[in-house]
1. Could you tell me whether Ile73 is modelled with pLDDT of 90 or more and out of contact with any Lys or Arg (no Cβ under 8 Å at 6 or more places or on another chain)?
2. Mind listing just one residue for me: the one in the range 235-280 that is among the polar types (S, T, N, Q) and touching a strand residue (DSSP E or B) at 6+ places or on another chain (Cβ under 7 Å) and, of those, most open to solvent (accessible area, probe 1.4 Å)?
3. Which condition breaks for Asn114 when tested against (1) in a helix (DSSP H, G or I); (2) modelled with pLDDT under 95; (3) more than 29 Å from Val253 (Cβ to Cβ)?
4. Restrict the check to the range 210-219 and report whether at least one residue is of a type in the set (A, V, I, L, M) and out of contact with any helix residue (DSSP H, G or I) (no Cβ under 9 Å at 6 or more places or on another chain).
5. Out of Gly139, Gly150, which single residue is open to solvent by 10 Å² or more (accessible area, probe 1.4 Å), out of contact with any His (no Cβ under 7 Å at 6 or more places or on another chain), at positive phi and at pLDDT 95 or above?
6. Scan the range 168-201 residue by residue and report those that are within 19 Å of Val272 (Cβ to Cβ), of a type in the set (Gly, Ala, Ser) and part of a strand (DSSP E or B).
7. Which residues, counting only those in the range 84-108, are open to solvent by less than 50 Å² (accessible area, probe 1.4 Å) and more than 14 Å from Leu172 (Cβ to Cβ)?
8. In the range 202-221, what count of residues is obtained for those that are in a helix (DSSP H, G or I) and touching a Lys or Arg at 6+ places or on another chain (Cβ under 8 Å)?
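The values are calculated or read from the model by the stated rules, or taken from the named source; none is laboratory data. Owing to the predicted nature of the structure, the values given are computational and were not obtained by experimental measurement. Quick reminder, even Gly has a Cβ in these numbers, built from the backbone with ideal geometry, and neighbours come from all protein chains shown. Areas reflect the complete protein model, heavy atoms only, side chains present, ligands, DNA and RNA absent. Shrake-Rupley method; radii C 1.70, N 1.55, O 1.52, S 1.80 Å.
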Amino acid sequence: MPEKTQLIKPRIRAILSKELPTELVDKLPKHWTQIGDVLILPLREELEPYKHRIAEVYAEVLGVKAVLRKGRIGGEFRETNYELLYGNDTVTIHRENGILYKLDVAKVMFSPANVKERVRMAKIAKPDELVVDMFAGVGHLSLPMAVHGGARVIAIEKSPYTFRFLVENIELNKVQDRMTAYNIDNRDFPGENIADRILMGYVVKTHEFIPKALSIAKDEAIIHYHNTVPERLMPREPFETFQKTAREYGYEVEKLNELVIKRYAPGVWHVVLDLRVFKR
């Protein structure tokens, strides 16, 4: 579910206008993100003394079981850094495009802003092609390929905690016959020259994994390469970096498509390239 933006809901305003100083009422959040029945709420510093009561009211009006304060996402596993303001259970099942995603919103990254890419992956996957998802998470991108596209998927996830949800999601979506999960660093995956399609759904350091992706890929495989790139380097990046590395390893690359996913930071964009690789 994408971020919602609107006026402060009348019921929220009516309740909190009786409890907050008048000047703070208009500073209540007008937008939020809902994942399953967990809410991620941005709160201004001025609202700090009232944060728990505000979260309680938003939960009541919007019908969710837990409210988290929006924070930064970072680290190797893209961990969330959210403060729990209301409730005690942040594990939920998020329904999107006919897919069930079970996850712990307080600890596992799931970006509603990437919904278009998840829907796109469902449409481009081909029956019985072998997809290797190098950064599977809870199955963000590869579950749609198995469920809707009928692809066979090898899903690799390094984080033991996130891996638990990946395994559950394979079962929830009844694709055990088409998805196999590995709880390892993708650089330790032993398969070579096997994949028709590769997902590289990571950011910031994705270029470090290009050699491994190439070793997994068949000749003429398609790689969906995600990374972050400063706006001043677009459009030549990130393709130039991928192409340079590929040539060092004896491959040529054809760019089939390039899409901007979302703004990652001021002046920095999250992009995805659809690339076909050829062995020289």
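1. No: the conditions fail for Ile73.
2. Asn257
3. (3)
4. Yes, because at least one residue in the range 210-219 is of a type in the set (A, V, I, L, M) and out of contact with any helix residue (DSSP H, G or I) (no Cβ under 9 Å at 6 or more places or on another chain).
5. Numbers: Gly139 fails: open to solvent by 10 Å² or more (accessible area, probe 1.4 Å).
On inspection, the qualifying residue turns out to be Gly150.
6. From the range 168-201, those within 19 Å of Val272 (Cβ to Cβ) are 186, 195-201; that's our starting set.
In the following step, the residues that additionally are of a type in the set (Gly, Ala, Ser) were identified as 195, 201.
Scanning the range 168-201 gives a single hit, Ala195.
7. Leu85, Gly87, Thr90, Asp104, Val105, Ala106, Val108
8. Going through the range 202-221 one residue at a time, the tally reaches 2.
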